[in-house]
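*Asks:* First the structure, then my questions, so here it is.
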Amino acid sequence: MNENLYLLLRRHFPDDPRAPWLVAPNGDTRYYGDIDNATARYAGALQALGLRPGERLLAQVDKSPEVLLLYLATLRLGAVFVPLNTAYTPAELAYFLNDATPRLFVARPEDASALQESASHAGATLLTLGSGGEGTLMDAVAAADPHIPIAELGGDDIASIIYTSGTTGRSKGAMLSHDNLASNALTLIDLWGFVKNDVLLHALPIYHVHGLFVAVHCAMLRGIPMRFLPRFDADEVIRQLPSVTVMMGVPTFYTRLMDTPDFNRDRCRQMRLFISGSAPLLAQTFEAFFAHTGHRILERYGMSEAGMIASNPLEGERVAGTVGFALPGVTLRICAAEHQTVTAGATGVLQMRGPNVFRGYWQMPEKTASEFTDDGFFISGDMATMDGQGRVRIVGREKDLVISGGLNVYPKEIENAIDALEGVNESAVIGVPHADLGEALVAVICPLPGAVIDPDSVITQLKSRLAGFKVPRRIFTVEQLPRNAMGKVQKNLLRERYAQAFDS
Ligand code: MCA
Ligand code: AMP
């Protein structure tokens, strides 16, 4: 049987070709009945440009319906879709191009000249796609042969590589198979009770598992429309709420909505479900949202390496501060050192096994092996507890990771960039509480003797190298970083010292 995910999605398209698929804020609508012809043409273009099964297509493009067609066409061809955060700078892009070695690289038209050299160096053909559907990709699509067969694939074939940052400062590409994506989405449409008359509000970026796979696959497997916003904008979301039934978001979406005057119970009257994930949802946000709207946000837990892993129930109690139970088919356990399972309620590292768990890191077999136990469980790096009923609470992270507005930042990468600046002896980057973003970055810099650090200049220099969300929002200078007896920087002390950095 051909296990190409595109075929699974296509089997669930509504019978009515005029069933809406994507509806833009201005009402422009794309229809389910047009997807198959459009993606056939895109696939014809990609093949003519040299893309073969198993080869990578790297895309750093603004959110638009065309990007979803590009993704679906890549699946059709059996090639591997590699989406990248649009905030990455050309310097960061060079790394991804050299690591993924894509056959094709699709960039925004305005970025093309800055990226051409890196693309050529990596052996990739550069194409452009603008948010209005303009660019050289579309010229190729217009001229394409639309009669390309759908690639015959097994479930283990790789559909996508999602880059996640790493503790060493080097990003790793998590390889997700057609079966990983299909099994997770099939589970979620039942678990979250998607029905034919649902409408999904889509305000997430489409370069992560959350916005691209969880949201889009759930909608397409039920054949329902998505209100497709270019980005999260609280006013636009509030305007759309009366015409949708389900929204997926990161906690920042919910705090921003509550900070907006027009957001009230009446706007949410016909909502069936608000889902939150990618970062911890504070119990106070959960309670405030309930008081504000009468809705209990359904919190779930996921990772790029495993899609959705645990979820609060649709029916039954949604408990603030917990992420609910393992998804059907997923086995979770909490382990202490040497992978011994701890007793119910005790804290340890969350490990998982199931059809959702990825096929390894792209070209990093040793790293992959070190993140799995001998009996095949993936070690998440999240600290958690599980009660006697199997309800999971994420209580911390073993990995040195900050999650800001739902985006992951590994401090090591930022420290490396700061340490390379003139006058810096060493630095430590931490995440501290931030009302809007959950956590925000603070850099504590120890200058070289006699050097003076200008925080504004540090920020300006970092912005030219790193994506904006990775640039610390506050910079402090100290004479010495606190260290323990082993010489390790005591970040817990720094987090305490700067805990109020963003209190207004
Ligand atoms: C933007 N900025 C940020 C962030 N986003 N700073 C810190 N953290 C952020 N998340 C900075 C920009 O660099 C810019 O800085 C300024 O904020 C304004 O940028 P803008 O693009 O206008 O920001 P925004 O529209 O307000 O975006 C905030 C956001 C967005 C809506 C929270 O970041 C977002 O949509 N986050 C969701 C991410 C997501 O989908 N995560 C899922 C991955 P300056 O002004 O200095 O230039 S995790 C995942 O997939 C797993 C599987 C899971 O469990 O879901
Ligand atoms: P990413 O690498 O971007 O896929 O992010 C995955 C990480 O996000 C997980 O390992 C967790 O640390 C975090 N995460 C996702 N969902 C939640 C949640 N509901 N509560 C707490 N942390 C979460």
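Please treat every number below as a calculation from the coordinates, not as lab data. Since the structure is predicted, the reported quantities are computational estimates derived from the model, not experimental observations. Every residue, glycine as well, gets a Cβ built from its backbone with ideal geometry; the counts of neighbours run over all protein chains shown.
*Asks:* If you take the C-alpha gyration tensor of region 337-448, multiply each eigenvalue by 5 and take the square root, what semi-axes do you get, largest first, in whole Å?
*Replies:* 31, 19, 13
*Asks:* Sorting check: for 55-61, 365-371, which peptide has the highest mean count of neighbouring beta carbons within 10 Å, and how do the rest follow?
*Replies:* Ranking, from highest mean packing down: 55-61, 365-371.
*Asks:* Also: Taking a ≥ b ≥ c as the square roots of the eigenvalues of the Cα gyration tensor of region 60-180, is the shape rounded (a/c under 1.5), prolate (a/b larger than b/c) or oblate?
*Replies:* oblate
*Asks:* Quick one: which residues, 5 or more positions from Arg474 or on another chain, have an amide H under 5 Å from its amide H? H modelled 1.01 Å from N in the peptide plane, none for Pro or chain starts.
*Replies:* Ala443
*Asks:* Relative contact order (percent) for region 322-363, with alpha-carbon contacts under 8 angstrom and 6 or more residues of separation?
*Replies:* About 38 percent, as a whole number.
*Asks:* Another question, then. From the Cα gyration tensor of region 248-306, with a ≥ b ≥ c the square roots of its eigenvalues, which class applies: rounded if a/c is under 1.5, or else prolate if a/b is larger than b/c, or else oblate?
*Replies:* Prolate shape, in that a/c is at least 1.5 and a/b is the bigger ratio.
*Asks:* If we count other beta carbons within 10 Å of each Cβ, what is the order of Ile453, Ile403, Ile224, fewest first?
*Replies:* The most exposed by this proxy come first: Ile403, Ile453, Ile224.
*Asks:* What pairs from Lys63/Lys488; Lys172/Lys196; Lys63/Lys463; Lys63/Lys172 go past 31 Å between their alpha carbons?
*Replies:* Those over the limit are Lys63/Lys488; Lys172/Lys196.
*Asks:* Taking square-rooted eigenvalues a ≥ b ≥ c of the alpha carbon gyration tensor, is region 302-342 rounded, prolate or oblate, where a/c under 1.5 means rounded and, failing that, a/b exceeding b/c means prolate?
*Replies:* It comes out prolate by the Cα gyration axes.
*Asks:* How much of the DSSP beta bridge set in the chain is antiparallel, as a percent to the nearest 5?
*Replies:* 60 percent
*Asks:* On to the next question. Between Tyr95 and Ala283, how many nm apart are label points set 7 Å from Cα along the C-beta direction?
*Replies:* So the label points at Tyr95 and Ala283 sit 3.7 nm apart.
*Asks:* Would you mind counting up the charge near Thr128? Only other residues with Cβ under 10 Å from its Cβ, with Lys and Arg at +1 and Asp and Glu at -1.
*Replies:* -3
*Asks:* With all distinct Cα pairs included, what does the Kirkwood hydrodynamic radius of the chain come out to in Å, to one decimal, could you say?
*Replies:* About 23.8 Å, per the Kirkwood formula over Cα pairs.
*Asks:* If you don't mind, another one. Toward the positive end of the charge dipole of the chain, about the Cα centre and with charges on Cβ (Lys, Arg +1; Asp, Glu -1), which of Ser370, Gly388, Ala485 goes farthest?
*Replies:* Gly388
*Asks:* If R0 is 22 Å, what FRET efficiency do you get for Ala435 and His292 from their C-beta distance, rounded to 0.05?
*Replies:* Once rounded, the FRET efficiency stands at 0.85.
*Asks:* Given 0.36 nm per residue, what is the gain on full extension from Ser120 to Lys399 after removing their alpha carbon distance, in nm?
*Replies:* Value of the extension gain: 96.9 nm.
*Asks:* I'd like to compare 156-164, 316-324: which one has the highest average count of other Cβ atoms within 10 Å, and what's the full order after that?
*Replies:* Output ranking for 156-164, 316-324: 156-164, 316-324.
*Asks:* Which one of Gly135, His295, His121 is farthest out on the positive end of the charge dipole of the chain, using unit charges on Cβ (Lys, Arg +1; Asp, Glu -1) and the Cα centre as origin?
*Replies:* His295
*Asks:* Hey, another quick one. Which of the peptides 109-116, 481-488 is most tightly packed, and how do the rest follow, judged by the mean count of other Cβ atoms within 10 Å per residue?
*Replies:* So the peptides 109-116, 481-488, ranked by packing, come out 109-116, 481-488.
*Asks:* Roughly how big is the chain's charge dipole about its Cα centre, with Cβ charges of +1 (Lys, Arg) and -1 (Asp, Glu), in debye to the nearest 20?
*Replies:* With only Lys, Arg, Asp and Glu charged at Cβ, the dipole is about 660 debye.
*Asks:* Still on this structure: Given the -39500 (n - 2.57) contribution per DSSP H run of 4+ residues, what per-residue ellipticity at 222 nm results for the chain, rounded to the nearest 500 deg cm²/dmol?
*Replies:* Calculated from helices alone, the mean residue ellipticity at 222 nm is -8500 deg cm²/dmol.
*Asks:* Separate question: With θ taken as phi - 60° and the coefficients 6.51, -1.76 and 1.60, list the Karplus ³J(HN,Hα) couplings across region 427-440 in order, rounded to whole Hz; mark glycine and proline as x.
*Replies:* Whole-Hz 3J(HN,Hα) from phi for region 427-440: 8, 9, 10, 10, x, 10, x, 9, 4, 8, 9, x, 10, 10.
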